[in-house]
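> Starting off with a structure, shown below.
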Amino acid sequence: MAADPDHLISADDAPAVLALLPVRNTVLFPGVVLPVTVTRKKSIRLVRKLAAKNEKLVGVVAQRNPEADEPGLEDLYPVGTLARILKLIDQPDGQVTIIIQGQLRFQITEQVTFTPQLTARVTYFEERALNADKDGELVLLQSLREAAGKVLELTPEIPNEARAMLEGIQSPAFLIHFLSSNVQLDLPAKQLLLELADPEAQAGQLLEALLRQIELLEIKNDIRTKVHTGIDAQQREYFLRQQLKTLQDELGQGESAEQDVADLRTRAKAKNWPEAVAKHFDKELSKLARINQMSPDYPVTLNYVEFLLDLPWGEYTKDKFNLKNTKKILDADHFGLEKVKERILEYLAVLKLKQDLKAPILCLYGPPGVGKTSLGRSIATALGRKYVRMSLGGVRDEAEIRGHRKTYVGAMPGRIISQIKKAGASNPVIILDEIDKVSSDFRGDPSSALLEVLDPEQNSTFTDNYLEVEYDLSKVLFIATANSLETIQPALRDRMEIIDLTGYTQEEKTQIAKKHLWPKQLREHGLGEQEVKITDQALHRVADDYTRESGVRNLDRQLAALTRNLARRKAGKETLPGVLEPQDVLKILGAPRFDRDLYQESDTAGVVTGLAWTSVGGDILFVESLLSRGRGKLTLSGQLGDVMKESAITALSYLRARADELGIDYRLFEQYDLHIHFPEGGIPKDGPSAGIAIFTSIASAYTQRRVRPHLAMTGEITLRGRVLPVGGIKEKLLAARRAGVRDVILSPKNRKDVEEITADYLKGLTIHYAERVDDVLQVALLQEKVARPQSLPVRDEAPAPTGPSVEVQ
């Protein structure tokens, strides 16, 4: 608001001490008229007091901190404006509105009083106006008028009277103050304009602010024009599409969106879902009804509500509680696996008695080919439940488990919820295959996402990111499979019940091949089950000479090779043998792939058979030691890990310490080099299980005493000569049986592991328990030396030892 700048108070007539009126978010300039609403009680008393005494002058100062209710000088800017109160208006709510006009700018020098009113001593600015006769200042004034006019032009909501008011201002000083009061700046920037005493600097700062405001207004108007044009185009497209839709409806080629919503609502009435889900569905359906069919959001929302309807909320298949029939089905589908079958029967028995059992999370752990995955289908069949399989091998994206948020382009639900939809029931059997092969990267950790899925205490409220509502997974029977427990996250492993599936014996493999694998291969190759039979001896020959594994996968492949040969004969009109004998197997499959004599070789000193555990089951491991002329150097070869290297050094140190008791000339350690080798050097090896095998091997080499034939051993050795227990005992004993081993040496602390093994698995094996390595040597080394012992002559005076030296190749 403008005023007559010619009737302002001079500095000589202005008081030296002023009562101050603090204001928020406002800066008053000389000559400008402003309405100010006074809300503070202290300020209301001030203006009423001035009005009563007919004193119209007050100092208006902006606050630095608008939140201060009782501001002192430290809360106020140092420069303010002397104002004349033109009018006082009482408001109904007790507040007061005053109309004030700025007079002079002043600088606060010191505070006089704080109560009852804030007063201060001030000094006034010497006001100097721009000289219109100077070219530079004239150009500056003209630029200010042009910029102000441009602002008015770009702001159509400002009335036309403002342009006339601007043109009517003749005073250069008032023009600057008037534009400073109305330019769009924050309070600190306006206060800076008020504090500039030099009019040329003030005008330059103001012009810069006006030009910046013009630039912003031009951008705003440009955006507004583009948006308006876009809206016009959308409206035109909408009307055209509506006309097209009407024509399609008349021709019978269109489908009403209202009908789609009505059909979805009808389907929803039949769903047995929780109240929270029903409310969420109604909300999404209402959103769908408001979206135009041609909008890209329509198919996204439609797919989401259809997915909600497709999920089997509260739909369960009825469990079969016939335990005898369940046991019959499990026995028919799988030979052995008694522990797993017993666990399933226990689960069914408790479910039958209680009718409300949170499904356990079973993890079938064992080497490949033992039937972990196929067991899940048999369990589903026995329970009468739906069966789905979900492979987790190589999954590294957390969204694969939890789903994507549906706001993303191409969002999909997680695989768990998708499998529930595929099963069509809320209590299926879901096989989480290869859970030990889940990995993680920058997209998240799927193992952590599985923690909620596989926790019976949490999965009743599982939330998929895409689904956005809770889904009850507590009735789902999750069965995970794994080849190794080491790679499973510890927290995830803790949530599962581990059921150990070890390898099969040769007798079990023969029965599995006879009852399952051979009939299956005949069917798959177009041969009748009664067309060609195979003897138990032939099956045993295939399992023994052509496979060397814990499971039966390679056995199945060898039987497939037999049936392919028979199928070729049948297709060529050749006569088929009625029964396959062992000699027929040899003709078809060729020479045996595994030679049992290799595993029984023990005529050379220093050769010992050890037992190892791998991710594919148990296996045997040979340790070979050889002495050669040298200076006591130890060489290790065979791709050994750090643990096996340390076991070798420990074994040699203990042997040197007990050399006298074992009858070993101490000069041998200084005049001969020892080379310990683990055959099959292309395979990395590590672990503590070879400790006593290494010790026995080097003791045999130094004493030249033979090692008992058909003997294997496993255990860790300490520097005090104690034998410590190791893991994987069952797998190792099965490997020993497959290799033709008859005697096995273990630590006494492994006795409990042996007692858990079925007696049939130990048939033909004699277990020797050794507390110390001296006990190992008593069992392992024969008294007589080898038939052709290695010559180990020693010199009377040994060369000076060079100290312990180890070389690893």
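A short reminder: the numbers here are calculations on the coordinates, not readings from a lab. Quick caveat, the model's predicted, so the values are computed rather than measured. Here Cβ is always computed from backbone atoms with ideal geometry, including for glycine, and neighbour counts include all displayed protein chains.
> According to a simple spin-label model (label point 7 Å from Cα along Cα-to-Cβ), what is the distance in nm between residue 40 and residue 155?
The answer from the label model is 2.9 nm.
> Please work out whether the chain counts as rounded, prolate or oblate from its C-alpha gyration tensor, where a ≥ b ≥ c are the square roots of the eigenvalues and a/c under 1.5 means rounded, while otherwise a/b larger than b/c means prolate and anything else oblate?
Working: a/c = 3.65, a/b = 2.11, b/c = 1.73.
Verdict is prolate for the chain.
> If you don't mind, there's one more thing I want to ask. For residue 114 and residue 67, FRET efficiency with R0 = 25 Å and r from the beta-carbon atoms, rounded to 0.05?
On the way: r = 19 Å, r/R0 = 0.75.
With R0 = 25 Å, the Cβ-Cβ based efficiency is 0.85.
> Testing the spin-label approximation: label points 7 Å from Cα along Cα→Cβ at residue 342 and residue 320. State their distance in nm.
Placing both labels 7 Å beyond Cα along the Cβ direction yields 2.4 nm.
> Next question, about the same structure. Nearest 10 degrees is fine. How inclined is helix 729-738 to the longest principal axis of the chain, computing both from alpha carbons?
Compared with the principal axis, the helix lies near 40 degrees.
> Turning to a different aspect of this structure: List the chymotrypsin sites (Phe, Trp or Tyr not before Pro) in the stretch 366-466 that DSSP assigns to loop (not H, G, I, E or B) and whose Cβ has at most 15 other Cβ atoms within 10 Å. Which are they? Show your work: numbers first, answer last.
Values: sites: 387, 408, 442, 462, 466; in loops: 408, 442, 466.
Loop-located and lightly packed - 408, 442.
> Another question, then. Just want the ordering: 39, 246, from fewest to most Cβ atoms lying within 10 Å of their own Cβ. Walk me through the numbers on the way to the answer.
Working: 39 14, 246 11.
If I rank by nearby Cβ atoms, fewest first, I get 246, 39.
> Further question on the same structure: Dipole of the chain, Cα-centred, from +1 at each Lys and Arg C-beta and -1 at each Asp and Glu C-beta, to the nearest 20 debye?
I would put it at about 3420 debye.
> Here is a further query. Hey, what angle do you get for helix 553-571 against the long axis of the chain, alpha-carbon based, 0 to 90 degrees rounded to 10?
70
> Relative to the Cα centre, what is the charge dipole magnitude of the stretch 632-736, using +1 at the beta carbon of each Lys and Arg, -1 at the beta carbon of each Asp and Glu, and rounding to the nearest 20 debye? Don't skip to the answer; put the middle values down first.
Values: 13 positive and 11 negative charges, 60 e Å.
Computed about the Cα centre, the dipole is about 280 debye.
> Mind running the shape call on the stretch 5-124? Use the C-alpha gyration tensor, a ≥ b ≥ c as the square roots of the eigenvalues: rounded below 1.5 for a/c, prolate if a/b tops b/c, oblate otherwise.
rounded
> Between 0 and 90 degrees, rounded to the nearest ten: what's the tilt of helix 642-657 against the longest Cα principal axis of the chain?
That works out to roughly 50 degrees.
> Still on this structure, please answer the following. Along the charge dipole of the chain, which of 440, 503, 367 sits closest to the positive end, that is, farthest toward it, with unit charges on the beta carbon of Lys, Arg, Asp and Glu (+1, +1, -1, -1)?
503
> Roughly how many debye, to the nearest 20, is the charge dipole of the stretch 335-500 about its Cα centre, given +1 on each Lys and Arg Cβ, -1 on each Asp and Glu Cβ, and no other charges? The partial results should precede the final answer.
Details: 23 positive and 23 negative charges, 142 e Å.
Here the size comes out at about 680 debye.
> Continuing with the same structure: Taking amide hydrogens as modeled 1.01 Å from N in the peptide plane, which residues meet the under 5 Å criterion relative to residue 104, leaving out close sequence neighbours?
Sorted by chain and number, the residues that satisfy this are 82.
> Related question: Between residue 95 and residue 686, with labels modelled 7 Å along Cα→Cβ, what's the label distance in nm to one decimal, could you check?
The answer from the label model is 7.6 nm.
> Given a Förster distance of 60 angstrom, what is the FRET efficiency for residue 443 paired with residue 653, based on the Cβ-Cβ distance and rounded to 0.05?
On the way: r = 50 Å, r/R0 = 0.83.
According to the calculation, E is roughly 0.75.
> Return the sequence-ordered ³J(HN,Hα) values of the stretch 525-533 in whole Hz as given by the Karplus equation 6.51 cos²θ - 1.76 cosθ + 1.60 applied to θ = phi - 60°, using x for Gly and Pro.
10, x, 10, x, 5, 9, 6, 9, 10
> Now for a different question. Out of the GluC sites (Glu not before Pro) in the stretch 702-782, which ones are loop residues according to DSSP with at most 13 other C-beta atoms within 10 Å? Intermediate values should be presented prior to the final figure.
Numbers: sites: 716, 731, 755, 756, 771; in loops: 756, 771.
The qualifying sites are 756, 771.
> Can you tell which of 276, 309, 288 lies farthest toward the positive end of the dipole of the stretch 257-310, using +1 and -1 charges on the Cβ of basic and acidic side chains (Lys, Arg; Asp, Glu)?
276
> Which ³J(HN,Hα) values, rounded to whole Hz and listed in residue order, are derived for the stretch 17-22 from phi using the Karplus coefficients 6.51, -1.76 and 1.60 in 6.51 cos²θ - 1.76 cosθ + 1.60 with θ = phi - 60°, glycine and proline given as x?
Using θ = phi - 60°, the values come out as 10, 10, 7, 9, 10, x Hz.
> What shape does the stretch 506-594 have by the C-alpha gyration tensor, where a ≥ b ≥ c are the square roots of the eigenvalues, rounded means a/c under 1.5, and otherwise prolate means a/b greater than b/c and oblate the rest? Mind dumping the intermediate values first?
Working: a/c = 1.81, a/b = 1.46, b/c = 1.24.
Because a/c hits 1.5 or more and a/b exceeds b/c, the stretch 506-594 counts as prolate.
> In addition: Determine the calculated [θ] at 222 nm for the chain from helices alone, applying -39500 (n - 2.57) to every DSSP H run no shorter than 4 residues and normalising by the residue count; nearest 500 deg cm²/dmol. Before the final figure, lay out the partial values.
Numbers: 29 runs with 337 residues, N = 809.
Theoretical 222 nm ellipticity from helices: -13000 deg cm²/dmol.
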